[in-house]
Amino acid sequence: MKYYPICLNMTHRRCLVVGGGKVAERKILRLVDCGAEVTVLGKVLTPAIEALKKAGKIEHTNDDYRADYLQNAFLVIGATDNDEVNKVVARDAMGKGILTNVVDDPDHCDFILPSIYEQKELLIAISTGGKSPALARKLRMEMEGIYGPEYGIFLEIMGEIRERILARGHRPQENKNIFEALVHSDMIKHIKEKNWDRLRGLVRDIYGEDIELGEW
């Protein structure tokens with residue numbers, strides 16, 4: 001099976017995670033970080049999930065799985081340590097047209113979750129199609145040595161510049177030329193070296209205007 005890559009806006013989407021162990025914990029933390037409204041269904045929770053519950057960041061139902069808990073869910077993750085329960089979750093959720101993921105069981109998934117590397121707004125997702133999660137993790141670790149904090153700072157600066165450029169109302173091709181010139185310039189090098197004066201000068205030469213840049 002070949003998967004279609006997509007980034008979903010999960011803000012205020014109701015998500016059900018069945019299970020409260022370490023595997024479920026990782027999925028829950030990611031969903032909460034993305035703004036989802038998460039309900040956890042399970043009788044035993046890890047300390048981290050308990051902390052999220054006490055902080056009011058998730059809802060928790062202390063019960064075994066039943067199909068009626070799927071009501072109004074946008075996305076469901078089966079993350080129990082019982083394969084049969086996970087399969088039932090997948091069958092019920094898919095039958096209702098709900099996006100479904102069962103951890104480490106691609107045959108019972110609508111989608112699989114990639115290994116992710118982040119630097120602020122930079123997000124690199126690595127997938128092996130479910131064939132080797134270990135390789136995906138290895139590649140993610142390699143990304144850490146290639147794309148450092150300077151890339152996150154670069155994107156913050158580019159976000160501000162992009163808003164200003166688009167507000168000028170110039171032709172799309174002209175804007176595209178500026179964006180590409182900035183991306184292919186030495187901006188990241190200057191950020192990495194914390195050479196803010198040269199960075200400002202470079203941006204001014206390409207963008208055509210002075211812009212206030214914070215120092216990180």
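The values are calculated or read from the model by the stated rules, or taken from the named source; none is laboratory data. Quick caveat: nothing in here was measured; it's all calculated off a predicted structure. All Cβ positions, even for glycine, are placed from backbone atoms using ideal geometry, and neighbour counts span all protein chains on display.
Assorted remarks:
- Just one residue in the set Gly145, Gly169, Gly129 is within 26 Å of Cys15 (Cβ to Cβ), loosely packed, with under 13 Cβ neighbours inside 10 Å and either of a type outside the set (D, E, K, R) or more than 17 Å from the chain's Cα centre (by Cα) (or both); that residue is Gly129.
- Close Cβ contacts (under 7 Å, 6 or more residues apart or on different chains) running from residues in the stretch 85-98 that are within 15 Å of Asn72 (Cβ to Cβ) to residues that are surrounded by 20 or more Cβ atoms within 10 Å (Cβ to Cβ) and β-branched (Val, Ile, Thr) comprise Ala93/Val76; Ala93/Thr100; Ile98/Val76.
- Screening Cys34, Cys7 for residues that are under 29 Å from Ile124 (Cβ atoms), touching a residue at least 24 places away in the same chain (Cβ under 8 Å) and not assigned by TED's automatic domain parsing to the domain that holds Val102 leaves exactly one candidate, Cys7.
- Per-region count, the stretch 46-79, residues more than 20 Å from Asp104 (Cα to Cα) and part of a loop (DSSP other than H, G, I, E, B): 11
- Qualifying residue in the stretch 58-74 (condition: in contact (Cβ under 8 Å) with a residue 60 or more places away in the chain and not acidic (Asp, Glu)): yes
- Checked across the stretch 198-210, the condition of being small (Gly, Ala, Ser) and closer than 30 Å to Lys87 by Cβ holds for no residue.
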